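The values are calculated or read from the model by the stated rules, or taken from the named source; none is laboratory data. These numbers were taken from a predicted model, which means no experiment stands behind them. Positions of Cβ are generated from backbone atoms using ideal geometry, with glycine treated the same way; all protein chains shown enter the neighbour counts. Side chains included, ligands, DNA and RNA excluded: accessible areas come from the protein's heavy atoms. Shrake-Rupley method; radii C 1.70, N 1.55, O 1.52, S 1.80 Å.
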Amino acid sequence: MASDEGVIDWDEAMQQCGDDEEFLRELLDDLRSETDTQMEKMAEVLKTPDDSCFVQIMRAAHVIKGAASNLMCGDLRKCAAELETTANTASKENKDHKDGEIMKSLKEKFEALEKAVKNYHEYLEKVDV
């Protein structure tokens, strides 16, 4: 089971939602769905990278980062931000998707985000969301 620390700052998230727990739970469920969608997109891109893979990964990671940040989900935000930054740098530097080093780095960041997503899912199950 994931530690609660780092997954979400519940008190801060409640403040963001005007202390409406039902609304927060709805948003956390929405974040789960959106995160799963974006993770699937990135997994597919990493399986068959092409010239637009860095931009696609950057955009998907950005979506997760923003939503996780709004809901005080620290680990998700941090891992998504690191993946977004790596993809953004590769895009700006016109890296080739066939560059093994950059792809290895992206995959490592993606795996860290996968772990954060798994911990987030476990936490939601624990709190019945």
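Search the stretch 10-26 for residues being in a helix (DSSP H, G or I) and touching a helix residue (DSSP H, G or I) at 6+ places or on another chain (Cβ under 7 Å), and hand back the single one that is surrounded by the most Cβ atoms within 10 Å (Cβ to Cβ).
Applying the filter and picking the extreme gives LEU24.
Can you tell me which of (1) more than 25 Å from ASP9 (Cβ to Cβ); (2) open to solvent by less than 90 Å² (accessible area, probe 1.4 Å); (3) modelled with pLDDT of 95 or more is the one GLU108 doesn't meet?
(2)
Can you say whether ASP50 is over 19 Å from ALA13 (Cα atoms), outside any helix (DSSP H, G or I) and out of contact with any helix residue (DSSP H, G or I) (no Cβ under 7 Å at 6 or more places or on another chain), as far as the supplied structure shows?
yes
Take the conditions farther than 14 Å from VAL127 by Cβ, of a type in the set (Asp, Glu) and not in a helix (DSSP H, G or I) and apply them to ASP30. Does it pass?
no
Assess whether GLU12 counts as being farther than 17 Å from ASN119 by Cα and touching a residue at least 60 places away in the same chain (Cβ under 8 Å).
yes
Determine which single condition MET72 fails, assuming it passes every other condition in (1) surrounded by 14 or more Cβ atoms within 10 Å (Cβ to Cβ); (2) assigned to a helix (DSSP H, G or I).
All conditions pass for MET72, except number (2).
Kindly indicate whether ASP30 is open to solvent by 20 Å² or more (accessible area, probe 1.4 Å), within 18 Å of the chain's Cα centre (by Cα), within 13 Å of LYS118 (Cα to Cα) and not basic (Lys, Arg).
Considered against the rule, which asks whether it is open to solvent by 20 Å² or more (accessible area, probe 1.4 Å), within 18 Å of the chain's Cα centre (by Cα), within 13 Å of LYS118 (Cα to Cα) and not basic (Lys, Arg), ASP30 comes out as no.
With the checklist (1) open to solvent by 50 Å² or more (accessible area, probe 1.4 Å); (2) assigned to a helix (DSSP H, G or I) in hand, flag the one item ILE64 doesn't pass.
Answer for ILE64: the failing condition is (1).
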